[in-house]
Every structure is written in C-alpha cells, then in structure tokens.
Amino acid sequence: MIHTLTLNPAIDRILYLSRFDKNITNRIQKTVDTIGGKGTHVSINLKILGKENTAFGISHGKSGQKVINMLNEYGIEVRFKHYDDGSRETRTNYLIIEDTGDCTIAAERGVTLKTEELNELLEDMKATIQPGDYLIFSGDASNSPDPSVYNKILEMFRDRDLKFFLDTSGKSLKECIRETPYMIKPNLDELSTLAGHPIAEDDASIVEAIESLDSYNVPIIAVSLGGDGSIVKAPEGYYRVHPPKVNVQNTIGCGDCFLSGFVYGLSEGYSIKDTIRIATAVSAATAESKLSAGYDLERAKELKEQVTIEKIK
C-alpha cells in the first residue's frame, strides 16, 4: 500500500491574470480554489493513475474540511486528523498565473501543530502502515512543534522495511537524508544545499554533486531541472531525461506529479526507464493544466512516447 503524509495542507487560490505588474492595480480574470500541499497532490496524481493510496495529514477549521472534501471527491482513503476549535484555519496559498505561464506563489506559513495533534496522527499511522508499504514525505513540515518530525517517523518505522520517498527542502531534507530514504527528488537549489556548495547548471557538475551524496546510500536521486527535464541516479546507472515539448500553462505541481509517476512505476514493477518515462510524461501533462493538482491521463499517455532518455554513466 502507498501512503502520503501532508503536515501542512492548504487551499490553493489560483488568480489568473493577463500579466502581473508590481505597484499597480492588477485585474483578475478568474479565481479558482483547488487543493494545496504537496502530499495531497501526490495522492491525487496517484489516484488518477489508478493507484489506491492513503492520505495522512492534519487539518483545521473550514478550510481544513474543504481539503478533506476535495480528497474524498477523488475516492482517496483520507486519514486526516481534523480539528475545529474556531481559532485555527488550514492555510490558503495564493497562486498568480499569467497568460505567459509564469507562476508566482504567496504562501501562508500554516497552523502551528500541537504536540498532541501530531502524536494522535502518528499513532494512527503506526496502527495502519504495514511492513513493505510505501511512505511518501512530501512538502513543508516547518509548522511542526518538532523540527525533526520526519526523522522521528522514520525511526518509528525502521523495523517495517518500508520504502520512504522524500520530497522536502531545507533542514528537513538535510536531516532526513541521514535516514537513507529510498528516493529523494531535489531541485538544483536543494541539491546545492545537500552538496554544500553552488552547482553549475551543466550535466557533469550535477552528476558530480549527486556522487558526493554516495555515503547516504540513497538508491534513487532524481534531480528536477524544470523544463530542462531531469538527471536520475538509480542502481542501474545515471540517466539524462529530456521531456516532451508542451504548451506550458502552469508549472506548479509538476514536481509532485513527477514523484507520483515515479512511485507508480516502481510499485508496478516497471523498469527504471519506463518508470522515468511515465513520471516525466505525467509531469509534462500537468504543465499543460491550469490547475495545481491533476492532469489529463490520456494526454500523459501520448506524451510518454515523446520522452527521450539517455544513459550517461
């Protein structure tokens, strides 16, 4: 079974503008509310691929209930702990999307979790997650009272032989990589943080930086390069991935979709190349969507045939 964890979910309020200019009044063409929080995106994208999964998380107030309702609409098993004391609300993020496809995010910090809320969630996870399951940590955990919460969870499940997938940043990423996750998906800035120095945007420098992480024994490291594709280190070798050309409407959520496709391919027993291919295709299909979660599955199948992969090491 596959499980996602979202400690800081959100409502994504998408504001569509012809162009965003500072220091003037910008006229909004349209506003759409959708679900936010990277783990929730992974759950939705897996479900679109036909993969059952469980969404764990913590939410608050009317906004938090809206997040749960959105997940339920996709038929996902939702195991969120919801609290409504009238004083705290799950955050709202504001996504400004221009006609050019440029995206700007203004994100609220989110509700600071109480220790007892976190403990209730962890007890439920411990009772639910079975040996051999997949567990995905995706997104921000800075609202946790325990800054090393991801590490605490990894330690809690150390004896269950789980596959841990990690897509986070900052201190969480630097600490959690010490627990040897099965896969991490850093962008170039996050890889620079792990390597301890700025990394030039060329393949040789990126491969060298990935190799500097060998002591952590992470089997799969997929470095996201946005529209330029990715470089993936797997047990089978290093791969340079070139995505298909698409009409980009919105880049928000593409990384979450890439991770979803990767988890899907691995869980289905695909070869590493086929796994990379489906992950890249669903990410590209997401770029063609005006929303921050979800994509056209049939379009993803078309784009899969246009992904180019070369083994570089």
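Before moving on, here are some points about what is shown:
- Separation of alpha-carbon centers, region 1-40 and region 75-115, rounded to whole Å: 9
- Those aspartates and glutamates that a straight Cα-Cα span of less than 19 Å connects to K152, excepting residues fewer than 8 apart in one chain: E116, E117, E120, E123, D124, D133, D140, D161, D167, E175, E179
- Pairs over the 30 Å Cα-Cα cut-off, from the set K30/K174; K62/K245; K30/K114; K163/K273; K174/K301; K174/K304: K30/K174; K62/K245; K30/K114; K174/K301; K174/K304.
- Under the criterion of Cα pairs below 8 Å and six or more residues apart, the relative contact order for the chain equals 16 percent.
- Base-10 log of normalised Debye intensity for region 224-298 (one unit scatterer per alpha-carbon) at q = 0.19, 0.26 Å⁻¹: -0.71, -1.23
- 14 Å tail of the calculated P(r), region 12-83, as % of Cα pairs: 64
- Mean Cβ count within 10 Å, highest first, over the residues of peptides 33-45, 1-13, 99-111: 33-45, 1-13, 99-111
- Protection proxy ranking of 168-181, 56-69, by the mean of other Cβ atoms within 10 Å over each peptide's residues and highest first, is 56-69, 168-181.
- Global form of region 71-221, assessed from the alpha-carbon gyration tensor, a/c cut-off 1.5: oblate
- Reachable aspartates and glutamates from K290, criterion Cα separation under 13 angstrom, eight or more residues apart if same chain: D12, D33, E98, D99, D102
- Cα principal axis extents for region 2-311, largest first, Å: 54, 52, 38
- Only helices enter the 222 nm calculation for the chain: every DSSP H run of n ≥ 4 contributes -39,500 (n - 2.57), and dividing by all residues gives -10500 deg cm²/dmol, rounded to 500.
FYI, it's all coordinate maths here, none of it is from the lab. Owing to the predicted nature of the structure, the values given are computational and were not obtained by experimental measurement. All Cβ positions, even for glycine, are placed from backbone atoms using ideal geometry, and neighbour counts span all protein chains on display.
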